[in-house]
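The values are calculated or read from the model by the stated rules, or taken from the named source; none is laboratory data. Everything numeric here is computed off the predicted structure, so don't read it as measured data. We place every Cβ from the backbone using ideal geometry, glycine too, and count neighbours over all the protein chains shown.
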Amino acid sequence: MASKKAIRLLIFINLFLAIYSAAEAKKSPWKTKVEGSFEPQARIYEKDSSDDTIDNYADFYTNFIFKAKRYRDYFTLNLAFRSVPQDDESSQYYAKEAWWMLKNKNFDYLAGVNYFNWSALELFHPFNIINATELFEQEQIGENMLMLRWKGFEKTASFIFLPKITENMYNTSSKSRLGYSYISDSLFVKDDEELYTNTFSTNFALEWKQSLDSLDYRLLLYSGPDRQLELFGFNGTSYNPIVFLTNSFGVNVQSNWFGSIWKFEYLNKSYQHSYSGIEPKSHQVLAFGYEFPSVLDSGGELNYLIEFQTAFGTESEELEQYYTFQNDLFLGLRYSLGDMKGTEYLIGYLKDMSRDAESAFFLEYTTRINSKTQIELGSRFVWAKQKDAFPLGLERQDGDNYIYGKWVYYFR
Amino acid sequence: MRLIQSLIASTLIFSFGFSAIAETPEEKAFRIAKENEKANSGFKGELSAMIMVLINAHGDKTTRKMTNYVLERANEGDLSINEFLWPADVKGTKLLTHAFKEKSDDQWLYLPALKKTKRISSRNKSGSFMGSEFSYEDMGSQEPEKFKWKYIQQVKVNKRDVHKMERVPTDEYTSYSKQVVYSDLKYKNPLKIEYFDKKGELLKVAKFGPYKKLYKEIYRPMKIHIKNVQTKKESILQWKKRKLGAKISKSKFDSTKLAGDGF
């Protein structure tokens, strides 16, 4: 009840300020800009056992961003289009961002679809380095939200209301292996024994962010779907990710100590609902990252990367069902040539420390062709043979080995 | 006898007086550096539009475009932010520096593609700034307290009178064993800096100028040309617009808001 009142108040404040701002802004002209990228890529997968999937394909991705500003009003529309010519069902288009923001002295008011990075452990980058968009094949997209943010120097406090649970961007009807062809729409457990697809809810987040000397930290409180924890239900032909609502709090730290970058994150999660005998237990997630840079005589840079993520607080068998990275170590080496083309290599090795014979290897190369064009080449290999009826940990990606080449053209 | 006494007395007075005002080369160089710092202060805020031309050993050229904002702080190092406008793949990338008098600067890099703000480690400061011959260290603050100074002599560079001084960075992660600064007597700024690597060999030479009086009695270079004598690579930083005395909000230099609004 209290949350409904708070929501109404937030909407009222937003509407009032929108009208006020529009009146104030009449004298001020709009300033606009358009930018984006066209990113065709070719992927060659290791052939799988299914005749229904396309193993080798070209993918055309276009990102279009429109921004407008007038007085204190800011508007952003970020659209993405994706299509695979060999696969008629693959076309997707969606708004990654679509928001309006009003800036008023120390306060920002935002309404629309916007990114919500509530945790470094969020699905799209559980490891900052290996870029889990590649591992999970998911797009980073915004969430529906109303946000009120207070700003001081080197600190911010945000209240974010998330009124609608949206599905993950699985391309469920696609035959190309860009999405999981065998994974169906997400289902959400927001009441005991009830499943929902897209649904309205009263989720919220509170965030406090501050920079101190040599250290940045964030405190987080979140009530909403736990997209990091997905259980899979099999419906006979495909898997349904079943997403539970969580109440979480935690801290996220980034620091420059002894000449190196150190990262740390801790989250405490609890759950209220159950479905079909599944009742996720409260537990904690901890992540640690270390980056040691070394500048070479050639002007290039070598960065040694170590990251570790673990979940604990309940039985490890249960945690294995939830997390791909329930106890995983990542070792990486990033080599930047320091040349005019911004050439960079990344070699990464991921090892599950508690599950037998599960590991992954990554290789990426990026360079600039000219001031508007970039190419990226890469590969991924996962070794994790399925041991039980349901795939756990890295088994979910077993066999999804590929090499790819991407050509990026920026229009800005 | 009286003559001898007065001679002894005046010799003693002279020698005591001289030693009171005499400076060691280290003190003299530091005093000049502080005087230069004082002469360059009082600009309040600075905004610039710059291009950076990178030239490799074969003579191939590529261009970077960026803007720079600086906010002067009274008793601390300045706040500054560089935003890249070109090439297209790095457009929107921001480098924020909170400079300090003695301790190492805090630096952050905002990566728009990931919408993430990353701290730059102290060790990385000797790394190349956007593939140029400038390092993050060169682009950071040059507070006198961050060096050990030594005065060499007064010489001429391009027919101008300059103080030739040696300075050794005190930062443990510096890539230089020393720098030789040729500081112009009138501009109160360097005309040339020679950078020596850890082995003590000449690494880079930076030339500053032409200088322009931009605000009150404050001069600033409109171009810096740096050449790596070991790799033969060069970089030219040229100001298209440079304004001092500008009113700039402190909130622009806030590391928690680097994502900004996209404008």
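Would you mind stating whether residue B:245 is away from chain A (no Cβ under 14 Å), crowded, with 19+ Cβ neighbours inside 10 Å and in contact with a Lys or Arg (Cβ under 7 Å, 6 or more places away or on another chain)? Talk me through it step by step, then tell me what you get.
On the way: away from chain A (no Cβ under 14 Å): yes; crowded, with 19+ Cβ neighbours inside 10 Å: no; in contact with a Lys or Arg (Cβ under 7 Å, 6 or more places away or on another chain): yes.
So residue B:245 does not fit the description; no.
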- [ ] May I ask you to list the residues in the range A:399-412 that are modelled with pLDDT under 80 and either away from chain B (no Cβ under 14 Å) or farther than 20 Å from residue A:61 by Cα (or both)?
- [x] A:399, A:400
- [ ] Taking residue A:246 as the residue in question, decide whether it is modelled with pLDDT under 90, within 20 Å of the chain's Cα centre (by Cα), of a type in the set (Ser, Thr, Tyr) and part of a loop (DSSP other than H, G, I, E, B).
- [x] no
Task: Whichever residue in the range B:204-263 is aliphatic (A, V, I, L, M) and touching a Ser or Thr at 6+ places or on another chain (Cβ under 6 Å) and, among such residues, is farthest from residue B:45 (Cα to Cα) - done: B:226
TODO: Would you check if there is a residue in the range A:349-371 being modelled with pLDDT under 90, part of a helix (DSSP H, G or I) and in contact with a strand residue (DSSP E or B) (Cβ under 9 Å, 6 or more places away or on another chain)?
DONE: no
Task: the range B:118-141 - residue that is of a type outside the set (A, V, I, L, M, F, W, C) and surrounded by fewer than 21 Cβ atoms within 10 Å (Cβ to Cβ) and, of those, farthest from the other protein chains (Cβ to nearest Cβ) - done: B:141
- [ ] Being outside any loop (DSSP other than H, G, I, E, B) and away from chain B (no Cβ under 14 Å) narrows it down to one of A:288, A:292, A:325, so name that one.
- [x] A:288
Task: Selection count, the range A:60-119, where residues are basic (Lys, Arg) and either farther than 26 Å from residue A:39 by Cα or touching a helix residue (DSSP H, G or I) at 6+ places or on another chain (Cβ under 6 Å) (or both) - done: 5
Open item on the list: Looking only at the range A:265-285, filter to residues that are of a type outside the set (A, V, I, L, M), in a strand (DSSP E or B) and free of Cβ contacts under 8 Å to residues at least 60 places away in the same chain; which one of those is nearest to the other protein chains (Cβ to nearest Cβ)?
Closed with: A:266
TODO: Would you confirm whether any residue within the range A:222-238 is assigned to a strand (DSSP E or B), at pLDDT 85 or above, surrounded by fewer than 22 Cβ atoms within 10 Å (Cβ to Cβ) and touching a Phe, Trp or Tyr at 6+ places or on another chain (Cβ under 8 Å)?
DONE: yes
- [ ] Output the qualifying pairs, or none if there are none: Cβ atoms under 9 angstrom, residues six or more apart or on different chains, first residue in the range A:329-340 and in contact (Cβ under 8 Å) with a residue 40 or more places away in the chain and in a strand (DSSP E or B), second residue surrounded by 18 or more Cβ atoms within 10 Å (Cβ to Cβ) and of a type in the set (S, T, N, Q).
- [x] A:330/A:309; A:332/A:303; A:334/A:303
TODO: Report yes if some residue within the range A:109-118 is within 12 Å of chain B (Cβ to nearest Cβ) and farther than 23 Å from residue A:219 by Cα; otherwise report no.
DONE: no
Open item on the list: Kindly evaluate residue B:113 against the criterion of being facing chain A (nearest Cβ under 10 Å) and of a type in the set (Gly, Ala, Ser).
Closed with: yes
Open item on the list: Of the residues B:198, B:188, B:204, only one is at pLDDT 95 or above and farther than 19 Å from residue B:35 by Cβ; which?
Closed with: B:204
Task: Residue that is modelled with the lowest pLDDT, among those in the range B:143-162 that are crowded, with 21+ Cβ neighbours inside 10 Å and not aromatic (Phe, Trp, Tyr) - done: B:146
Open item on the list: Suppose we filter the range A:282-308 for residues that are modelled with pLDDT of 90 or more and more than 30 Å from residue A:212 (Cα to Cα); how many remain?
Closed with: 1
TODO: Can you run down the residue pairs with Cβ atoms below 8 Å, 6 or more apart or on separate chains, where the first is in the range A:16-41 and at pLDDT 65 or above and the partner is surrounded by fewer than 16 Cβ atoms within 10 Å (Cβ to Cβ) and among the aliphatic types (A, V, I, L, M)?
DONE: A:40/A:58; A:41/A:58
Task: Subset of the range A:249-264 (residues that are in a strand (DSSP E or B), within 14 Å of chain B (Cβ to nearest Cβ) and without any contact (Cβ under 8 Å) to a residue 40 or more places away in the chain) - done: A:253, A:254, A:260, A:261, A:262, A:264
Task: Of the criteria (1) surrounded by fewer than 20 Cβ atoms within 10 Å (Cβ to Cβ); (2) in contact with a strand residue (DSSP E or B) (Cβ under 9 Å, 6 or more places away or on another chain), which one residue B:70 fails - done: (1)
TODO: Go through the range B:90-124 residue by residue and tally those that are over 24 Å from residue B:63 (Cβ atoms) and either basic (Lys, Arg) or in a loop (DSSP other than H, G, I, E, B) (or both).
DONE: 14
Task: Test: residue in the range A:255-265 that is surrounded by fewer than 16 Cβ atoms within 10 Å (Cβ to Cβ) and under 26 Å from residue A:348 (Cβ atoms) - done: yes
Open item on the list: Which count do you get for residues in the range B:198-227 that are within 13 Å of another protein chain (Cβ to nearest Cβ) and either buried (at least 18 other Cβ atoms within 10 Å of the Cβ) or hydroxyl-bearing (Ser, Thr, Tyr) (or both)?
Closed with: 3
Open item on the list: If residue A:163 satisfies all but one of (1) loosely packed, with under 15 Cβ neighbours inside 10 Å; (2) more than 14 Å from chain B (Cβ to nearest Cβ); (3) at pLDDT 75 or above, what's the number of the condition it fails?
Closed with: (1)
Open item on the list: Restricting to the range A:299-320, name every residue that is in contact with a Gly (Cβ under 7 Å, 6 or more places away or on another chain) and within 11 Å of chain B (Cβ to nearest Cβ).
Closed with: A:299, A:300, A:301
